[in-house]
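Comments concern the structure below.
FYI, it's all coordinate maths here, none of it is from the lab. It should be emphasised that the depicted structure is a prediction, and the values quoted were computed from it without experimental measurement. A quick note on method: Cβ atoms are made from the backbone with ideal geometry, for glycine too, and the neighbour counts reach across all protein chains shown.
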Amino acid sequence: MEIPHEVTPRRDTGLYNAKLGVWLFLASEVMLFGGLFSAYIFLRVGIQDGVDNPWPWGLNVHKDFVWLGFINTLVLIASSVGVVFAWVALKERNWKLYQVYMYAVIGCAVIFMCLKGIEYNSKLNHHFGIKLKDNSVMEGELVNKTDRIRFEGATASVSLQGAVPVFIKSIPKGEFPIFKVTEGPGSEEGVEIHSDSELKAWFHKERRAISAKLTEERKRYRAELASGVANPTPVSVSSSAKLTSSEPFVLNANPRKVVLHSDSVVNFKDGSKVEGKLISDDVEFIVHEVDLQLVLPQKQRESIVWDVINDEGAKQQFFEQQDAEYRHLREYYEPRGEVIPEKMLRGHILNLHDVHLGGHHGDDHGDDHHDAVHKSEPKPSAEGAHEEAAHEHEDDHSISVPRDQIKFMGNHGPRYGNYYAIYFTMTALHGLHVIGGALVLLFFTVFGKKLYLKNPEHLANRIEVGGLFWHFVDLIWIFLFPLMYLL
Amino acid sequence: MAESTHDWGKHKKSYLIVFGALCFCTCLTLALGIFAPFDLGPPGPTPADFVIGLAVACFKASLVGLIFMHLNHERGLIYKLLVFTFLFSLGLMALTLFAGADPILEQYDTLESTKGKLMEKL
């Protein structure tokens, strides 16, 4: 059957059908992204300086992402030009040239997604931030996943209802101990469990047994009620079990799955509990930058971040940079007869700076933890130079952050703040559009020959319609680039 | 279909000009954002940066729309469709304004009182 108006325009609309269709679709897409842009503006304009998590403009890592975003913009623009040239090639009936342009466009889409992947990977897997109790923030890298609570387990108590106990996931791969069921509801006591899959199988079996028992108990209860017993024995089935390991086992517990932990026990959110001995819950961290945007200026010198970093040189370096920036701001505003605006005083220019640990005062490490803060005069340089040699790779200096000083920590994923939430929402949605558009265009590149030979104008129309979508994707990025990276 | 090859040459030329303009504008946006000499007004993003940054983005978007998406010579029906889209998306942007009237924000007004103290330190 011939579908009308695939090539020739309809008389009433003046358009071929697919074109009207794609414009209607694009109108709905404008609404979709419009809502998200509206959300962005709301979050961006609504920031309370010194209260809400700031936009990450001052971060060093962010400056690298600006370049990635810039290259991506150029890549998408080039791909848009490629699509219109491919369309023109079809109009000129040049199949070879059409294919060349289309493959270039798809290549651009691949480059775009790869760069996006690099950025996501860096945000999710490399950059980490710790917000301390007084809202001071340290930006840097986590050492060896030490956000986990390191624990040496001996016994585990689990409930045999609900889902598989979460503590299993905290046992490192290949270090699963041999568990023996020492207390349990059924006849299974003494069973040995050698791996997590065995544990899951055992768990499911026990859970089925308990649910069967429960059904029986309920039946009994109903029967007793029906036979007129005044106080029937209540339904009761024990569902807890205890697993004992022959040797102590390693547990790296994800703090987000843990309700509470002490020196001898870790309580997980699902009710499972592991008893043993705490190895360490300090977070090993390499500090790159200190961010005091959320700390009042008059409290910055006493911030607990300096106790945690415990490096007088780093502290001094921070405030030297702050003073230099402050002078710059005064040089700008004073000749104009203006005072420095509030936004500037709380912003990243004054309050976010690099710190290098183990610089001038490496010898402060370890000793008199609390006094370190009050020693502000610099040490003789000869002493410092000696220490500097010892700490040549000063960026590798990691510090131990006590967990009770931490208010929040995490990678730069959507949880890290409003910026990251809206960034991931919008760029991921845009990325899906890129993938979808590229797949459609790829289809017409690889399988378009038959249609081209039958009716080249029909294929040209399809490419025009696919191209309209592709230009729209480019158009969204044109707004995303300045909003997500610069403004 | 009736268009001659000469016609397509003109099209290609305009596409290339737009390509150049888009690349130039992208560099301009970047320069406004990160290089201090081009930064307008005081350091860091300021209202002027916002206005210019978004104006450049709008200019780029209209180039893409008009030339690449052929809106410079399109049928009336599509313009009618887009007028409504535009009005609705303006409405979406305006929705955030209503948030200002939301009583939930009142609690934050108390924070204004801390502002004076900030000036003392620096």
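Here are a few things to note about the model shown:
- Under Karplus coefficients 6.51, -1.76 and 1.60, residue-wise ³J(HN,Hα) of segment B:48-54 in Hz, glycine/proline x: 4, 4, 4, 4, 5, x, 6
- Trypsin sites (Lys or Arg not before Pro) restricted to DSSP loop in segment A:87-192 with at most 15 other C-beta within 10 Å: A:ARG93, A:LYS133, A:LYS145, A:LYS173
- Simple spin-label estimate for B:LEU97 and A:PHE447 gives 4.8 nm between the two label positions (7 Å along the Cα-to-Cβ direction from each Cα).
- When all alpha carbon pairs of segment A:268-361 are counted in 5 Å bins from zero, the resulting P(r) reads 2, 11, 19, 17, 13, 9, 8, 7, 6, 3, 2, 2, 1, 0 %.
- FRET efficiency estimate (nearest 0.05) - Cβ-Cβ, B:TYR79 to A:SER122, R0 56 angstrom: 0.85
- The length gained by stretching the chain between A:LYS219 and A:SER28 to full extension, at 0.36 nm per residue less their Cα-Cα distance, is 63.1 nm.
- Two-site FRET efficiency, A:ALA212 against A:ILE178, from Cβ-Cβ distance with R₀ of 41 Å, rounded to 0.05: 0.90
- Surface/4 estimate of mean projected area, convex hull on alpha-carbon atoms of the protein assembly as shown, nm²: 43.1
- Cross-link reach list, lysines versus A:LYS219, counting only Cα pairs under 26 Å and skipping chain neighbours closer than eight places: A:LYS205
- For A:477-486, mean number of other protein chain Cβ atoms within 10 Å: 6
- Chain A - charge dipole about Cα centre, Lys and Arg +1 at Cβ, Asp and Glu -1, debye rounded to 20: 3540
- Packing here is the average count of other Cβ atoms within 10 Å per residue, and on that basis the peptides A:412-418, A:322-328, A:221-227, A:160-166, highest first, run A:412-418, A:160-166, A:322-328, A:221-227.
- Full extension of the chain between A:ASN144 and A:HIS5 gives 43.8 nm of extra length, using 0.36 nm per residue less the Cα-Cα distance.
- Of the complete DSSP H runs in chain A, those spanning 24 angstrom or more by Cα along the long axis with a mean Kyte-Doolittle score not below 0.5 are A:17-45, A:60-91, A:95-121, A:418-446, A:456-481.
- Theoretical FRET efficiency, 1/(1+(r/R0)^6), r = Cβ-Cβ of A:GLU198 and A:LYS407, R0 51 Å, to 0.05: 0.80
- Expected-Rg normalisation [2.2 N^0.38 Å, Cα atoms] applied to segment A:149-281: 1.23
- For the pair A:LEU74 and A:SER246, the difference between a 0.36 nm per residue extended length and the Cα-Cα distance amounts to 55.9 nm.
- Extending 7 Å from Cα along the Cβ direction at A:VAL440 and again at A:ALA230 yields two label points whose distance is 7.8 nm.
- For segment A:1-56, GluC sites (Glu not before Pro) are listed when DSSP marks them as loop and at most 15 other Cβ atoms sit within 10 Å of their Cβ; the list is A:GLU2, A:GLU6.
- Its alpha carbons give segment A:408-480 an Rg and a Dmax of 17.9, 63 Å.
- The string of couplings for segment A:144-161 from the Karplus curve (6.51, -1.76, 1.60, θ = phi - 60°) is 6, 6, 7, 5, 6, 8, 8, 9, 10, x, 10, 10, 10, 10, 10, 9, 8, 10 Hz, one whole number per residue in order, with x for Gly and Pro.
- The amide H of A:VAL191, built 1.01 Å from its N in the peptide plane, has A:VAL181 as neighbours under 5 Å, considering only residues 5 or more places off or on other chains.
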